[in-house]
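The values are calculated or read from the model by the stated rules, or taken from the named source; none is laboratory data. Model, not experiment: these values are computed from the prediction. As a convention, Cβ positions derive from the backbone with ideal geometry for all residues, glycine included, and neighbour counts pool all protein chains shown. Areas reflect the complete protein model, heavy atoms only, side chains present, ligands, DNA and RNA absent. Shrake-Rupley method; radii C 1.70, N 1.55, O 1.52, S 1.80 Å.
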Amino acid sequence: MLSPDELERYARHIVLHEVGGPGQAALKASRVLVIGAGGLGAPVLLYLAAAGVGTLGVVDDDAVSLSNLQRQVIHATPDVGMPKVESAAATIRRLNPHVAVELHPMRIAATNALDLIGRYDLAADGSDNFATRYLVSDACYFAKKPLVTAAMGTFDGTLTTIRAHERGASGGPNPSYRCLFPEPPPPGTVPACAEAGILGAMAGVLGSMMALEVIREIVGFGEGLVGRLLMLDARSMRFETLTYGWDAANPLSGEHPTIHDLSIHK
């Protein structure tokens, strides 16, 4: 049930035929885990909180630094030095007191990923490294949870949704993250954000699109990004979509899987 305050707060959602009262109630009942309260996680958390997602889990072991504020808009100057999960939670509570926030001030790892992800309906991965992306995608497969995952370069970004634990409309398996990216790039070939730089507004665009995809997964309107990789090039302001499918040879969900747990992640 939505309170009178919630009915007014979410009025622009409720009048949408594709969302309506049932969709807003589904958002209120949902639990979403957001991995990373940084450049991508910041807009994800803000828009999911504004949309009325009932419970948001925030995983991050870092503290706010001054250099974060160029793109991590959930934090502000007085928050410098504060744990990111606490800063994010304070902003969310100011934005929407109807949203419960669960803080996980830790790094997601093989030892805790299944437990963390298993507590939520869906995960949104805004991490900034390949090791975490592979860990989270494998953990979501074993936990049978949908995953919205994005990655960002200096002026470019990608976004997709993974439901590898399910079958598609054709009856075949949905692709996993490892079907799309069989192996991470060699160490050192992709420079870190601190080395290469990043356009702050890119994080806002891509993170907002992540939030949109999470809302779509909960409410169920339109065509999502399962089996499709959305690519954004900010230099030419061009969006392209690549279609990808299940790879029978992938080691996680292929015909002869070799990954049976998270022990490969150190």
In the range 205-232, which residues are assigned to a helix (DSSP H, G or I), among the hydrophobic types (A, V, I, L, M, F, W, C) and either out of contact with any strand residue (DSSP E or B) (no Cβ under 6 Å at 6 or more places or on another chain) or open to solvent by less than 30 Å² (accessible area, probe 1.4 Å) (or both)? VAL205, LEU206, MET210, ALA211, LEU212, VAL214, ILE215, ILE218, VAL219
Long-range neighbours under 9 Å by Cβ, at least six apart or interchain, first residue more than 20 Å from LEU206 (Cα to Cα) and open to solvent by less than 20 Å² (accessible area, probe 1.4 Å) within the range 148-173, second charged (D, E, K, R) and modelled with pLDDT of 95 or more: ALA164/ARG178
Is it true that ARG107 is crowded, with 20+ Cβ neighbours inside 10 Å and closer than 26 Å to THR161 by Cβ? no
Give the residue, chosen from PRO186, PRO146, PRO105, that is over 23 Å from GLN24 (Cα atoms) and at pLDDT 95 or above. PRO105
I'd like to check something: does the range 55-64 contain any residue that is over 21 Å from CYS140 (Cβ atoms) and either out of contact with any His (no Cβ under 9 Å at 6 or more places or on another chain) or among the acidic types (Asp, Glu) (or both)? yes
